[in-house]
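Beneath this line is the structure, given in structure tokens, with notes to follow.
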Amino acid sequence: MDATVVMGRQGRIVVPRAVRDLLGLQPGDELHLCVRDGQLVLSPRNDAVAALQALTVGLRGGRSIVDELLEERRREVEAEG
């Protein structure tokens, strides 16, 4: 779905109702805005967080960074021991 919006004087835009309905957006929902290849990309915050988490898991071979940090700290403690 494409939509055209107009930016107000204070930089505000209104997400058209059809887009809000399509994405299930409600008043108060947090949105993530980024600039990608010279374009504004606006995503529901939960979708953006999930995408970032999936990216980091993919970079780490399916392991969480917390697990890696804990393992690293355990090795340090063993080496000190």
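The values are calculated or read from the model by the stated rules, or taken from the named source; none is laboratory data. Keep in mind it's a predicted model, so treat the numbers as computed, not measured. These accessible areas exclude ligands, DNA and RNA; they are computed on the full protein's heavy atoms, side chains included. Shrake-Rupley method; radii C 1.70, N 1.55, O 1.52, S 1.80 Å.
Within region 1-51, all pairs of alpha-carbon atoms sorted by distance into 10 Å bins from zero give the percentages 20, 57, 23, 1.
Remark: the residue 64-residue 13 segment gains 14.7 nm on full extension, using 0.36 nm per residue and subtracting the alpha carbon distance. In this structure residue 37 has an accessible area near 150 Å², from a 1.4 Å probe over the protein heavy atoms.
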